[in-house]
Amino acid sequence: MAHIDRTAVDLAHSQGGVLTRAQTLELGFTRHQLEYRLETGRWQRVSDLGYRLMPSNDDFDQLLAAVSLLPAAVVSHESAGELHGFRGLKNAPATVSVHSRTTHAFEGVVVKRCHDLRDKHWINHRGLRVTTPARTVFDLAASYGDRRLTRMTNSLIDAGRVSETELEEVLASVGRRGKPGTQRMRKLMSTLGVGLDTSELERRGRLLLPQPRCGCEPVDEYEIPWLPMRRFDDAYPRHRVAVEWDSVKYHGQRDSFESDRQRDRSALERGWRVLRFTWVDVTERPVDVTGSVSAVLDRFRCEP
């Protein structure tokens, strides 16, 4: 029996300290042997799901145990965010999601129920089933404020951990009227400019551009003198001032993000100033956009 016990302990150790009932039978434990271990306190029963052979060391062990025992459980919400490296998470207990048809609870773990967790919305990560970054954002949208959610998602997009396509897919797949998080997620997508045609952002932004006192009008799609294959969205060449309309769809991907910053640095080296404005700036702070551009134009002399 020493051998079978060692095997059981090794397996339990890899699962946060637990074994399912099916696993104990596969290892060869008899019903009498299981009852003996429970009666002597060597093992503890975890409802009708299985047995705990050793205590969990931390939240990660708790998640391992819950995913190992609960039917089709997936690490979700803040726990998934932590595993994916999200910034700005709230402090929250270990959390998993299970199908709404199940009613299981698990000591030390928050168990949420849902019926729309698609297979494509979770991945294997560090030996756990974990919701994808995009699905995790949607789940957190139900309890996070607009500003916090936007900052968090922006950092994920900048780091290349989630794309606007993935966010759109999750929203289209599970978003619906009355579904927690749907309304805030839709607002988030609008705030980020995700799915927005850049021409619409540029069209609205150009309506806000001022005409400087010297009468120089802005030039759209201005060819950058030192980078003939690249263009500024808009520019005041005689002031050496450029304006960029930043849509997540076109500027938020990692390669574009890096390229844009390199271009900004090269512009600064040549005496140019680059002003960047987002969909939120254009739609919610239009006066600030006009004022910012005017202030920079007033500050720098128009050259003939």
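Below, the figures for the structure above:
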{"quantity": "Selection from segment 202-215 of residues that are surrounded by fewer than 15 Cβ atoms within 10 Å (Cβ to Cβ) and not small (G, A, S)", "calculated": "R203, L207, Q211, R213, C214"}
{"quantity": "For T150: the one exception among (1) farther than 30 Å from S14 by Cβ; (2) outside any helix (DSSP H, G or I); (3) of a type in the set (S, T, N, Q)", "calculated": "(2)"}
{"quantity": "Residue pairs meeting the criteria (Cβ under 6 Å; at least 6 apart or on separate chains; first in contact (Cβ under 8 Å) with a residue 60 or more places away in the chain and over 19 Å from K179 (Cβ atoms), in segment 87-115; second assigned to a loop (DSSP other than H, G, I, E, B) and among the charged types (D, E, K, R))", "calculated": "none"}
{"quantity": "Any pair with Cβ under 6 angstrom, 6 or more apart, that starts in segment 69-84 at a residue that is within 16 Å of V18 (Cβ to Cβ) and ends at one that is assigned to a loop (DSSP other than H, G, I, E, B)", "calculated": "L69/L49; L70/H104; P71/T102"}
{"quantity": "Qualifying residue in segment 106-118 (condition: touching a strand residue (DSSP E or B) at 6+ places or on another chain (Cβ under 7 Å) and among the small types (G, A, S))", "calculated": "no"}
{"quantity": "Strands (runs of 3 or more DSSP E) wholly inside segment 15-116 that include at least 2 residues being surrounded by 15 or more Cβ atoms within 10 Å (Cβ to Cβ), hydrophobic (A, V, I, L, M, F, W, C) and not assigned by TED's automatic domain parsing to the domain that holds D139", "calculated": "18-20"}
{"quantity": "From T165, T132, residue being at pLDDT below 90 and either touching a strand residue (DSSP E or B) at 6+ places or on another chain (Cβ under 6 Å) or on the phi < 0 side of the Ramachandran plot (or both)", "calculated": "T165"}
{"quantity": "Checking D139 against (1) charged (D, E, K, R); (2) assigned by TED's automatic domain parsing to the domain that holds R265; (3) buried (at least 22 other Cβ atoms within 10 Å of the Cβ), the condition it does not meet", "calculated": "(2)"}
{"quantity": "Output for segment 198-242, where each listed residue is charged (D, E, K, R) and at positive phi", "calculated": "E221, R240"}
{"quantity": "Identity of the residue in segment 145-165, acidic (D, E) and surrounded by fewer than 18 Cβ atoms within 10 Å (Cβ to Cβ), that ends up farthest from the chain's Cα centre (by Cα)", "calculated": "D146"}
{"quantity": "Check on A66, under 25 Å from A80 (Cα atoms) and of a type outside the set (F, W, Y)", "calculated": "yes"}
{"quantity": "Odd one out for R184, checked against (1) out of contact with any Phe, Trp or Tyr (no Cβ under 8 Å at 6 or more places or on another chain); (2) at pLDDT 85 or above; (3) not assigned by TED's automatic domain parsing to the domain that holds V282; (4) not hydrophobic (A, V, I, L, M, F, W, C)", "calculated": "(1)"}
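Conditions tested, residue by residue: (1) closer than 22 Å to S76 by Cα; (2) modelled with pLDDT of 85 or more.
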position: T20; (1), (2): yes, no
position: T30; (1), (2): no, yes
position: Q33; (1), (2): no, yes
position: E39; (1), (2): no, yes
position: L49; (1), (2): yes, no
position: L63; (1), (2): yes, yes
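The values are calculated or read from the model by the stated rules, or taken from the named source; none is laboratory data. The shown structure was predicted, so the numbers you read here are calculated from the model rather than taken from an experiment. Glycine also receives a Cβ, built like all others from the backbone with ideal geometry; neighbour counts cover every protein chain displayed.
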